[in-house]
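Contents: one structure, followed by commentary.
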Amino acid sequence: MTQQAFVDPDEIRAQFSRAMSAMYRSEVPLYGSLLELVAEVNRATLAAQPELADSLERTGELARLEMERHGAIRLGTADELATIRRLFVVMGMHPVGYYDLSSAGVPVHSTAFRAIHEASLQRSPFRVFTSLLRLELIEDPALRKRAADLLAQRRIFTAEALRLIARSERDGGLTPEDAQAFIREALETFRWHDQATVDPETYRQLHGTHRLLADVVAFKGPHINHLTPRTLDIDAVQRAMPQRGIVAKAVIEGPPSRRCPILLRQTSFKALEEAVSFIDEQGRAHPGSHTARFGEIEQRGVALTPAGRILYDRLLASARGALGEAPNETNAAAYARLLDEHFAALPDDYASLRRQGLAYFRFFATEKGLAARNDPGRPSELEALIAAGHVDCEPLVYEDFLPVSAAGIFQSNLGEASRTRYAPNPSRLVFEAALGVPVRDELELYGESQRRSLMDCAQALELPADVRLSTGVDAPAMASPGRGVADA
């Protein structure tokens, strides 16, 4: 078997994403309505902002805009997490970032499985926010043991999926036939099951302790609980959802609306109450309901550097502190005003974000720059090259998540009226031990992408080896072609 016979992991991921979207659309028809709304808003935004359309076209973002962006699942055991990592590797997805949500009253910690190179992200930006239940945070020892016993009994992967994962690991990839079989089998892990694995009283106890506990423990598998399309104007989608009969959460999570979007803004429609049946010890079915699955929308902006993230976190904390309580339906307008006021301290133009080292960018040699390669008087420093029109730059899209925002989405769909309190208790080492590998640092990945683009510019413009193209952030020396320029 030669490697050329294998399907590229990026293509497997793209096909799986489409299959997942089709499955979820059939299970949750309201998600289809959400997709239609987002597509309409995106078309209107591009028509109204041709310069944005040109920018997205130039960077390849336009082609990936309508691709499925991310989903989310909740796992129950370390073994499930370790195996899901192996499953995602088949699709070229790796764990990036560690998120502790316990301080927000959600007994999980999480990572995002995604592609890690910009070329792979262009082919398929699909990612899955994956959470692991933290049973040690459940105070009732009897219920904690009952939950552990239930989770130990379930098998969330089909035998064929496990066989194909092992084959990919052994052979270094999957053939087209095996890739199609893998996609079919892997989907079964994420499928909805309307029959619980517990009796009504056990479900009541789990649900009474924490709604997420019931969602993870009481069912056969980690049904995908939402899929998220990407919009260019989340405020327009938020305003339009009620007109389509879609009940939106009150507050858009993340930074305020800005001329130059940063990081990630998210909203969702409320989780649906769905009919399920509970099974007693005699095998009899009892009708009931469960609330878990919802629809989410995201708007992504430029990735911030470590300095930018420190400033973002400080401004967000100050706005929330000034509000004095958790954002909700009654204070949504006041919270929006506070965000605008506090975030005035963060520059809202890309040039300032770049010059102050607050955000990451991709750099491109222009036609003018290429034509001036033999001009001895051309500029050599990055800002001078940009000013002369020899180098262009575009914001590097933020591909990850925000802990406060993720917790806000969780809470709004688990029930904001009853917030459980846990002491802040991050446990990254325990999470990584369960995962089987360290998680990648997302900021390092953005730095690598920026460096690659700078080195590409240096090569294209044939700059001398001793010239340093610097953004003031993570800037390595540039080398001329054939002089050790490597993939960062």
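The values are calculated or read from the model by the stated rules, or taken from the named source; none is laboratory data. All values reported here derive from a predicted model rather than from experimental measurement. So basically every Cβ, Gly included, is an ideal-geometry build from the backbone, and we count neighbours across all protein chains shown. For accessibility, only protein heavy atoms count, side chains too; no ligands or nucleic acids. Shrake-Rupley method; radii C 1.70, N 1.55, O 1.52, S 1.80 Å.
At each listed q (0.15 Å⁻¹), what is the log10 of I(q)/I(0) that the Debye formula gives for the stretch 253-321 modelled as equal alpha-carbon point scatterers? For the requested q values the scattering log ratios are -0.66.
When the P(r) is computed for the stretch 151-283, the part past 20 Å accounts for 64% of the Cα-Cα pairs. Looking at the P(r) of the stretch 304-371, how many percent of alpha-carbon pairs lie beyond 18 Å? That tail contains 52 percent of the Cα-Cα pairs. As a fraction of the 1.4 Å probe accessible area of the chain, surface on carbon and sulfur atoms comes out at 51 percent.
Counting only the Cα atoms, the stretch 1-96 fills a convex hull of 149 Å³ per residue. For the stretch 215-322, the solvent-accessible area of protein heavy atoms averages 35 Å² per residue (probe radius 1.4 Å; ligands and nucleic acids excluded).
If R0 is 56 Å, what FRET efficiency do you get for Arg58 and Asp199 from their C-beta distance, rounded to 0.05? Here the calculated transfer efficiency is 0.45.
A straight chain from Asp349 to Leu323 at 0.36 nm per residue would run longer than the Cα-Cα distance by 6.7 nm. Placing a pseudo-label 7 Å from each Cα along the Cα-to-Cβ vector at Arg284 and Glu40 gives an inter-label distance of 4.8 nm. Overall, the chain carries a charge dipole of about 460 debye about its Cα centre when +1 sits on the Cβ of Lys and Arg and -1 on the Cβ of Asp and Glu, all other atoms neutral.
Descending by average beta-carbon neighbour count within 10 Å, the peptides 387-394, 446-453, 48-55 line up as 446-453, 387-394, 48-55, the highest first. Farthest towards the positive end of the charge dipole of the stretch 314-366, among the residues Leu339, Gly357, Ser318, is the Cα of Gly357, using unit charges on the Cβ of Lys, Arg, Asp and Glu.
Sorting 143-149, 304-310 by average packing, meaning the other beta carbons within 10 Å per residue, from highest down gives 304-310, 143-149. For the chain, the Kirkwood radius over C-alpha pairs fed into Stokes-Einstein at 25 °C and 0.890 mPa s yields D = 102 µm² per second.
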